[in-house]
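Single-structure report; data block below.
The values are calculated or read from the model by the stated rules, or taken from the named source; none is laboratory data. Remember, it's a predicted structure, so these values are computed and weren't measured experimentally. All Cβ positions, glycine included, derive from the backbone under ideal geometry; neighbour counts span all protein chains shown. Side chains included, ligands, DNA and RNA excluded: accessible areas come from the protein's heavy atoms. Shrake-Rupley method; radii C 1.70, N 1.55, O 1.52, S 1.80 Å.
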Amino acid sequence: MARWLTARHGVSVDEKQVIIVAGLQQAHSLVAQALLAPGMNVALEDPCYIGKRLLYEKLGLHILNLPVDEKGVKLFGVTFDDVQLICVNPGCQVPTNASLSLPRRRKLVTLAAQTQTPIFEESMFDLLMLEGKSTPSLLSLSGGQNVIHAGLFAPALGGGMMLGYMVVPWPLLPAILDAKLILDNGLPWLEQEALARFIDSGDLDDFLKRRRMSLMRRQEHLVSAMRHQWGDFSIFNASQAPRMSWFLPGPVSDSAAYINNARKLNLHIPGDYPFHSTSSKSIPNLDRLISHGYGELAESDIDKAVQRMAQSNILSL
């Protein structure tokens, strides 16, 4: 894992810095237990994945909301003087799917370094970038300093592969290792061994190339099927496979009404709808935004799903 991460991010990663975790939620729990205490401040994207927000709220932490627009978190006028942790998903922000632009990535690393505030960088869909060149990670831009980089293989290898990893800066490593040992003292070895061989043989990189091609075809099919049903509609972000975010066309009141109609047709679109932002809305019509995946659906199933999606729209007429 350390060799693969070093090659991928262009920064030296020692094997002792890598901690294997059972998903990103566990990674957040470890960091919170190791580095934070009730009453401290943590910066979160707004809106963000509800499970992450609930975790930090239940631990008694104060939330600094970082508004999200089409280029990721907005940093104008932001300071981290009294913030103990910054949590961001630069590659594919959940739930909007926005990707943090390179200038903002550089600014975030600089701002965090000025106050020595650790950054927790999530990497969920970065392995499946479809459009353009990959943008350097915060781990890469920081030279491995002050950034906890946490990744997950499930989006690429399937939902059952919940193994993830953390790359922890040396100064933070002892506290996070202590929290990990108290929590589970290590995960079962068999999946780790299989994944290690998959990586070392080069088969993972070959698989990802084929996977990207397959997802590009599925995305094209999905967009075509949706345009067939609705005509032209507005896509917010579709560069990070296997996810797409788009705005509801037609007369549906908001995403909550649409999702409710979809459930009546046995179509479940995960998410906490509508997406409410606690700060000023940086994304117009946020309450009409829909975000979902498509990577596990065959093209024939995509057609069926889009037909039901269109019926959900009709029910609100």
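Summary of computed values
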item: Selection within the range 34-58 - touching a Leu at 6+ places or on another chain (Cβ under 8 Å), of a type outside the set (Ser, Thr, Tyr) and at pLDDT 95 or above; result: Ala34, Leu35, Leu36, Pro38, Gly39, Met40, Asn41, Val42, Ala43, Leu44, Glu45
item: Candidates Asp178, Asp200, Asp184, Asp206, filtered to the one that is charged (D, E, K, R) and modelled with pLDDT under 90; result: Asp184
item: Qualifying residue in the range 295-305 (condition: within 24 Å of Met129 (Cβ to Cβ) and touching a Ser or Thr at 6+ places or on another chain (Cβ under 9 Å)); result: yes
item: Residue within the range 239-257 that is among the hydroxyl-bearing types (Ser, Thr, Tyr) and more than 22 Å from the chain's Cα centre (by Cα) present; result: yes
item: Test: residue in the range 100-119 that is hydroxyl-bearing (Ser, Thr, Tyr) and within 23 Å of Ile235 (Cβ to Cβ); result: yes
item: Members of the range 27-65 that are under 15 Å from the mean Cα position of the chain (by Cα), among the aliphatic types (A, V, I, L, M) and either assigned to a loop (DSSP other than H, G, I, E, B) or closer than 15 Å to Gln84 by Cα (or both); result: Leu44
item: Ser134, sole failed condition from (1) free of Cβ contacts under 8 Å to residues at least 24 places away in the same chain; (2) under 28 Å from Pro274 (Cα atoms); (3) of a type outside the set (D, E, K, R); result: (2)
item: So Val13, is it open to solvent by less than 30 Å² (accessible area, probe 1.4 Å), over 26 Å from Leu289 (Cα atoms) and in contact (Cβ under 8 Å) with a residue 12 or more places away in the chain; result: yes
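Table: residues versus (1) over 23 Å from Ile50 (Cα atoms); (2) loosely packed, with under 13 Cβ neighbours inside 10 Å; (3) modelled with pLDDT of 85 or more.
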| residue | (1), (2), (3) |
| --- | --- |
| Asn261 | no, no, yes |
| Ile269 | no, no, yes |
| Pro274 | no, no, no |
| Ile283 | no, no, yes |
| Tyr294 | no, no, yes |
| Met309 | yes, no, yes |
